[in-house]
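First comes the structure, then the notes that go with it.
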Amino acid sequence: MQLSTAHHDERLTAPRSWWGIAVMTGLAGALMLLPLGTLPLLAGLVGGTALAGLVVSSYGSARVRVVNGALAVGDARIPVSALGEAEILDAEQARAWRTYKADTRAFMLMRSYVPTAVRIEVTDPADPTPYVYVSTREPQALVSALRAARAA
């Protein structure tokens, strides 16, 4: 049996405004070191901007993929054979499943800057995880890819 190729590949990048905040953090670092002179000011600007940029980049580098018969979400890899039906959540439903409807046993890849999501039931009886919650900008494409991978 030949492994299937990727059906869906999405990177949940941080919004541009967050990069502006990273630059502002660098400016704040520079202003704090201003009384110490020009060299510390530049070090604060570069260091603060680089550190904040690293945080934004790492948080915004989450990937959602359906590849080789598995759902790869962040660091997790779940075979599609262990997953049930996927439900597309609009912004209001996604907020509900992130808050008062959430189950503490669920696997959740949430990004506050992505309003839509997909909730996928876990059907493996050996797995105590009831569902997988995935923030995605392309919920229809993700659900279609999961169905195609399950059919393959």
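Projecting the Cα atoms of Met24, Leu54, Ile120 onto the charge dipole of the chain (Cβ charges, centred on the Cα centre) puts Met24 farthest toward the positive pole. When the P(r) of region 7-58 is calculated, the portion above 18 Å amounts to 39% of the C-alpha pairs. How would you classify region 27-91 from its alpha-carbon gyration tensor, with a ≥ b ≥ c the square roots of the eigenvalues: rounded for a/c under 1.5, else prolate if a/b is greater than b/c, otherwise oblate? Note, shape of region 27-91 comes out prolate. The loop-placed chymotrypsin sites (Phe, Trp or Tyr not before Pro) in region 1-97, going by DSSP, include none that has at most 11 neighbouring Cβ atoms within 10 Å of its Cβ. Classify the chain: rounded, prolate or oblate, from the alpha-carbon gyration tensor (a ≥ b ≥ c, eigenvalue square roots; a/c under 1.5 rounded; otherwise prolate if a/b is larger than b/c)? Prolate, because a/c is 1.5 or more and a/b exceeds b/c.
Every read-out reported here was derived from the displayed coordinates using simple, explicitly stated rules and does not represent laboratory data. Owing to the predicted nature of the structure, the values given are computational and were not obtained by experimental measurement. Ideal geometry is used to build each Cβ from the backbone, glycine not excepted, and the neighbour counts take in all protein chains shown.
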